[in-house]
Amino acid sequence: MSLLTTIAFSITTALPALEVPSGQPVELYEVLIDEVGADTWLRFRFLAPEIARKGGSVDFAQAEPDLEHLCQAVALPYLAEYDLAPEFVSVTLLDRPVEFGRSDPDATQFIDVFRIASGTCIWEGL
């Protein structure tokens, strides 16, 4: 079980519109630092309303490349800017805001986990 220990540094400059392979609109929602056992995780959570089960137009197969792209294009620069070296980076797409650790059976979430090595995101498949 994970224990959320702190919220990561706030974004100090406005981010440009995030472009992802699927073309769906995506907005950074929050970045969290989480301790899971002895490992540090950085969780990058993005709002992506088009993944909604009801009324959405993007399924997991279409959104999956977006997850790796967001790790490369957003998470890696963030880690460099704040000199962070987590064991894992989690990238989540949510169709609506959901507090981390809370259950919302109506929400849609797509999550991938990456290990960072040699300046790249390596899918972990956890």
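Just a few scattered comments:
- For the chain, the dipole from Cβ point charges (+1 on Lys and Arg, -1 on Asp and Glu) about the Cα centre works out to 160 debye, to the nearest 20.
- Separation between Cα centres of region 79-99 and region 39-74, rounded to whole Å: 11 Å
- Accessible-area composition of the chain, carbon plus sulfur, in percent [1.4 Å probe]: 54 percent
- Calculated mean residue ellipticity, 222 nm, the chain: -3500 deg cm²/dmol, from DSSP H runs (n ≥ 4) at -39500 (n - 2.57) each, averaged per residue and rounded to 500.
- Our estimate of slack between Tyr82 and Glu27, defined as 0.36 nm per intervening residue step minus the Cα-Cα distance, is 17.8 nm.
- Kirkwood Rh and Cα Rg combined as Rg over Rh, evaluated for region 87-126: 1.07
- Label corresponding to Rg and Dmax of the Cα atoms in Å when calculated from the structure given, among (1) 13.3, 39; (2) 13.9, 40; (3) 15.7, 48: (2)
- Between helix 60-70 and the chain there is an angle of about 30 degrees, using the helix long axis and the longest principal axis of the Cα atoms.
The values are calculated or read from the model by the stated rules, or taken from the named source; none is laboratory data. This is a predicted model, so every value here is computed, not measured. Here the Cβ is made from the backbone with ideal geometry for all residues, glycine too, and neighbour counts use every protein chain on show. We work out accessible area using only protein heavy atoms, side chains counted, and drop any ligands, DNA or RNA first. Shrake-Rupley method; radii C 1.70, N 1.55, O 1.52, S 1.80 Å.
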